[in-house]
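Read through the structure below, which is laid out as structure tokens, and then see the notes.
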Protein chains: 4
Amino acid sequence: MEITQITVLEDVELNNPVFIEALPGIGHVGKLAADHMIDEFNATKFAEIYSPSFPPQVFVGEEGLIENMINELYYVKNVGEDNLDIIILVGNTQALSPEGQYGVCQDILNFVKGKGASKIFTLGGMATGQPVEESKIFGAATDEENIELLKEAEVEIRSNDGGIVGASGLFLGLGLRQEMNGICLMGQTPGYFIDAQSAEAILNKLAVLLNFEIDTDKLEERAEETKEMLAKAQQMEQDIINKANASSSDDLRYIG
Amino acid sequence: MEITQITVLEDVELNNPVFIEALPGIGHVGKLAADHMIDEFNATKFAEIYSPSFPPQVFVGEEGLIENMINELYYVKNVGEDNLDIIILVGNTQALSPEGQYGVCQDILNFVKGKGASKIFTLGGMATGQPVEESKIFGAATDEENIELLKEAEVEIRSNDGGIVGASGLFLGLGLRQEMNGICLMGQTPGYFIDAQSAEAILNKLAVLLNFEIDTDKLEERAEETKEMLAKAQQMEQDIINKANASSSDDLRYIG
Amino acid sequence: MEITQITVLEDVELNNPVFIEALPGIGHVGKLAADHMIDEFNATKFAEIYSPSFPPQVFVGEEGLIENMINELYYVKNVGEDNLDIIILVGNTQALSPEGQYGVCQDILNFVKGKGASKIFTLGGMATGQPVEESKIFGAATDEENIELLKEAEVEIRSNDGGIVGASGLFLGLGLRQEMNGICLMGQTPGYFIDAQSAEAILNKLAVLLNFEIDTDKLEERAEETKEMLAKAQQMEQDIINKANASSSDDLRYIG
Amino acid sequence: MEITQITVLEDVELNNPVFIEALPGIGHVGKLAADHMIDEFNATKFAEIYSPSFPPQVFVGEEGLIENMINELYYVKNVGEDNLDIIILVGNTQALSPEGQYGVCQDILNFVKGKGASKIFTLGGMATGQPVEESKIFGAATDEENIELLKEAEVEIRSNDGGIVGASGLFLGLGLRQEMNGICLMGQTPGYFIDAQSAEAILNKLAVLLNFEIDTDKLEERAEETKEMLAKAQQMEQDIINKANASSSDDLRYIG
């Protein structure tokens, strides 16, 4: 159990697919957008990914059923006017350590490259820390051609503007090093709640860039559900953290 | 010394044993319950487990004798009306790093699977952070059949309710991935003291689920002893931490 | 992707080159000085270095273009009156973990040793935490001969004076263990802004030690640009950190 | 550079030597005592130990000369009335990570076991956090026989009394697992300065236990020197830490 484990559920053939990454992050903007795409396009899960670099825990889901920390790959064929094949990466976690992040992202990238992917989209949130009137979408890219596409889609270009931390940045960086190109779309969001508005804005830009149409009516509803689920989970986790800090459990402490 | 070391003390043959995990955690609920089972059922230690991912320290026990960080496996045969064989995992620590947790849990799981175990029970505490009138037991499980068993035993089902962090969660998650099923029992506890009441409540539910009887009279007494022992240990460790932070020891600092 | 990746762009032959390390650190003193040398001497990039121990992120640079975390080696031939060959190590990051730092530095050192380097200069800043009237340059070295050279160049010798943390220290320590000698030059700097004055002072001492001349007119201008670029990046990163801490994203938390 | 590197300087033959560990820790009690022994007994360094788990830094020592993070083994023959051979482990650091601690300690233990060592003494400080009238020595041991020896030497036995963190604990724990026995001596110390009084007290007990005589006249003087040296180092390191936290260096930050 020392490396990324990719369990292939279906050995699908895809035609030059676009790879979309949307692992959980700020405001769950990317994840919410991607989960919605999977539903609307009726995408098929074809691989499950586990890593010992994921947090050592499980989630308690619907009806008390235990869920592993996992990343998942879905595919959908013939999307939009360009009959585009798409691979979507979603999940409930990212690797914890820097080395773990590099390892998991590189292994996934190798896998989707093996499926023919050469273009990467990563979806994330950009925290403003204050209420957002209208969620603006910012973009960055691996090359000038993609920057042009962003400008045509009226995405705001970030320039000399800090870092993109985690999978949304790393996939593009690793792609750059093996002749894959790509775009990062970041939805402005207050950052402290599940942001359906920002997810909708990001989906609309993605629809322009990839030339498809998507119904976003149910997105608000989905956001509500996610919100309820997470609210409980967070409350409890925060409680555990507070207790653990105050508690008499000395077993996991380490002082060097 | 790079991997989990399992020292087998007795090459015991077991008949489809149930595997019970009770490593130290919140309120020492699981540990206390399991230690009590080991005593009452006169269980036999048959394996010792060491890992370089355990905290790099030792404990000073009775009479000044040094104790290693360790996990231990006990077995007991023909328990209760179903003549059940049981493997119990106890210890004084869990691995520190995420990768360490995955490694140790997976290695132990492989070992007990090799002994025929296919069902997992994990015992833990669930911190409330405030006094608890009557310790309620919450449950989660890997599958619907086990959820039904929990309901029959009048265990409260957690639903969409956060995570289970550490070994109690991870064993079930790893089990799920290799056709083992299981249940996590969590005893409500304030979390900041050794909670005999919660351990008793968890044992009572376990007795129903596994169809055995267990005398819990001495549990309170055991809790008192554990309390005294830990109180000293914690006080000292906290002192060391405070001192280390304030102290002039610059040898272990690192600023990147 | 488990080890340092050194991509060689040009298989250059060098004549007993001096190796100068100037990765980012306090006040960007070393980095600023080295970037200026590369420009003024029109140095050529001949290798790129990646590591899974670098931070798992990318930077957004000019015009929205994504830049990998990277270390880079430049060479320049026949510098100054001694016709000195020089290798310069610059980059936008250092490895995060202790083991990563050792791994990356050792691998780079082996590589430049293979190019004939036997003498090491490391450039860094030394934080005063308060305004600095005139940036003094401090030095340390692997041996007495180099200490003498520092004294001749009127560099202030640090004695029994703490540690040098990160690549600037480690390259000299690792060098010591394989018969390479060297000098660390540290420019006094307040530490909380890009310090062109300190970089100029360090360059002037380096020019004396290596017997070359360098025009520092454009250094102030370069510092201004760096300042603007970093200011934005930091502001944003700090915002993200603040938000992440306050936010409802529970996916990356871990409590043991 | 992935494992502990032990450079043997002299292939000495020793007669059933006692192994004494005194790496830096609280109040530098053990280190001070061991450095004094090395001087008084004119011990000979016979091995140097490096590890990529040590902090990635160097120290600036006398006259600006750079010193590696290092552990060192000394030997001395025919000490005291029992003509005892002794191996002493000293150094300026311990490994940082748990896994690193286990790795380094195990490798050193294997090495000294290969030299015939079967008994271990570890020397450390025990922080009180407040002024200490007379430095009491506390002890713990791997077995009852050694506890008896401690009692005869009028060492206070710690019982059910917390943990021993780091090398002083780990060597005994690892020893326990391979038929080596040993004793930990802990000198009570305020913990926030170099404590010559506590080091003297620990040496006096060690002299009783190992049946030798040692002149402690120069210990106070040595403590003064160490104090001066460390005071500067700490001050500076603390300054760097403060600056680094407040500074504009965003290169080494990571937010997941």
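The values are calculated or read from the model by the stated rules, or taken from the named source; none is laboratory data. Computed from a predicted structure; not experimentally measured. Neighbour counts run over all protein chains shown; Cβ positions are idealised from the backbone, glycine included.
Among the residues of the stretch C:198-211, the ones that are in a helix (DSSP H, G or I) and of a type in the set (S, T, N, Q) come to 2 in all.
Out of the stretch A:12-23, which residues are crowded, with 24+ Cβ neighbours inside 10 Å and not aromatic (Phe, Trp, Tyr)?
Pass one, the stretch A:12-23, residues crowded, with 24+ Cβ neighbours inside 10 Å: A:19-23.
A:Ile20, A:Glu21, A:Ala22, A:Leu23, listed by residue number.
Does C:Thr122 fit the bill of being at pLDDT below 95, away from chain A (no Cβ under 14 Å) and touching an Asp or Glu at 6+ places or on another chain (Cβ under 8 Å)? Against the criterion (at pLDDT below 95, away from chain A (no Cβ under 14 Å) and touching an Asp or Glu at 6+ places or on another chain (Cβ under 8 Å)), C:Thr122 does not qualify. Out of the residues in the stretch A:162-171 that are facing chain C (nearest Cβ under 7 Å) and touching a Phe, Trp or Tyr at 6+ places or on another chain (Cβ under 9 Å), which is farthest from A:Ile86 (Cα to Cα)? Here the answer is A:Gly162. The C-beta contact set for the stretch D:157-168 (first residue within 16 Å of D:Ile183 (Cβ to Cβ), second residue of a type in the set (Val, Ile, Thr), distance under 6 angstrom, 6+ apart or interchain) comprises D:Arg158/B:Val60; D:Asp161/B:Val60; D:Ile164/B:Val58; D:Ser168/D:Thr122. Counting only residues that are within 9 Å of chain D (Cβ to nearest Cβ), surrounded by fewer than 23 Cβ atoms within 10 Å (Cβ to Cβ) and touching a residue at least 60 places away in the same chain (Cβ under 8 Å), the stretch C:175-198 holds 3 of them.
Can you find, within the stretch A:121-152, the residue that is farthest from A:Leu210 (Cα to Cα) among those that are assigned to a helix (DSSP H, G or I) and of a type in the set (Asp, Glu)? Taking the candidates together, the pick is A:Glu144. When residues in the stretch A:153-197 are screened for being modelled with pLDDT of 90 or more and either part of a helix (DSSP H, G or I) or hydrophobic (A, V, I, L, M, F, W, C) (or both), 20 of them pass.
In this structure, does C:Lys205 turn out to be among the charged types (D, E, K, R) and either closer than 28 Å to D:Pro52 by Cα or surrounded by fewer than 17 Cβ atoms within 10 Å (Cβ to Cβ) (or both)? Before you say what the answer is, go through the steps one by one.
Working: among the charged types (D, E, K, R): yes; either closer than 28 Å to D:Pro52 by Cα or surrounded by fewer than 17 Cβ atoms within 10 Å (Cβ to Cβ) (or both): no.
When the stated conditions are applied, C:Lys205 does not pass them.
On the basis of being touching a residue at least 24 places away in the same chain (Cβ under 8 Å), surrounded by fewer than 17 Cβ atoms within 10 Å (Cβ to Cβ) and over 29 Å from B:Phe193 (Cβ atoms), does B:Asn78 make the cut? It is false that B:Asn78 is touching a residue at least 24 places away in the same chain (Cβ under 8 Å), surrounded by fewer than 17 Cβ atoms within 10 Å (Cβ to Cβ) and over 29 Å from B:Phe193 (Cβ atoms).
The number of residues in the stretch C:140-156 being without any contact (Cβ under 8 Å) to a residue 40 or more places away in the chain and β-branched (Val, Ile, Thr) comes to 1.
Going by the conditions given, is D:Ala167 farther than 24 Å from D:Gln101 by Cα and within 17 Å of the chain's Cα centre (by Cα)? Spelling it out, it is not the case that D:Ala167 is farther than 24 Å from D:Gln101 by Cα and within 17 Å of the chain's Cα centre (by Cα). For the stretch D:54-93, the candidate set comprises residues that are among the aliphatic types (A, V, I, L, M) and under 15 Å from D:Phe212 (Cβ atoms); within that set, the residue that is nearest to the other protein chains (Cβ to nearest Cβ) is D:Ile88. I'd like the residue in the stretch D:3-21 that is of a type outside the set (Ser, Thr, Tyr) and under 25 Å from C:Glu99 (Cβ atoms) and, out of all such residues, is modelled with the lowest pLDDT. Checked the stretch D:3-21; the qualifying residue modelled with the lowest pLDDT is D:Ile3.
Identify all residues within the stretch B:98-110 that are facing chain A (nearest Cβ under 8 Å), over 16 Å from the mean Cα position of the chain (by Cα) and touching a residue at least 40 places away in the same chain (Cβ under 8 Å); write none if there are none. Even if it seems obvious, please write down each step before you answer.
In the first step, residues of the stretch B:98-110 are kept if they are facing chain A (nearest Cβ under 8 Å); the result is B:98-99, B:101-103, B:105-106.
Now restrict to residues that are over 16 Å from the mean Cα position of the chain (by Cα): B:98-99, B:103.
Correct list: B:Glu99, B:Gly103.
For first residues located in the stretch A:124-139 and without any contact (Cβ under 8 Å) to a residue 60 or more places away in the chain, partners that are of a type in the set (D, E, K, R) and in a strand (DSSP E or B) and lie 6+ apart or on another chain with Cβ distances below 6 Å form the pairs A:Phe138/A:Glu156.
Of all residues in the stretch B:100-114, none are at pLDDT below 95 and under 27 Å from B:Asn42 (Cβ atoms). Surrounded by fewer than 24 Cβ atoms within 10 Å (Cβ to Cβ) and among the hydroxyl-bearing types (Ser, Thr, Tyr) - does that describe any residue in the stretch C:35-53? Checked the stretch C:35-53: at least one residue is surrounded by fewer than 24 Cβ atoms within 10 Å (Cβ to Cβ) and among the hydroxyl-bearing types (Ser, Thr, Tyr). In the stretch B:35-52, the count of residues that are within 13 Å of chain D (Cβ to nearest Cβ), among the hydrophobic types (A, V, I, L, M, F, W, C) and touching a helix residue (DSSP H, G or I) at 6+ places or on another chain (Cβ under 7 Å) is one or more.
Where residues in the stretch D:133-161 are more than 10 Å from chain B (Cβ to nearest Cβ) and touching an Asp or Glu at 6+ places or on another chain (Cβ under 8 Å), which of them is surrounded by the fewest Cβ atoms within 10 Å (Cβ to Cβ)?
Of the residues in the stretch D:133-161, the ones more than 10 Å from chain B (Cβ to nearest Cβ) are D:133-137, D:145, D:148-149, D:152-154.
After this cut, where a residue has to be touching an Asp or Glu at 6+ places or on another chain (Cβ under 8 Å) as well, the list is D:135-137.
Values: D:Ser135: 23, D:Lys136: 15, D:Ile137: 23.
Applying the filter and picking the extreme gives D:Lys136.
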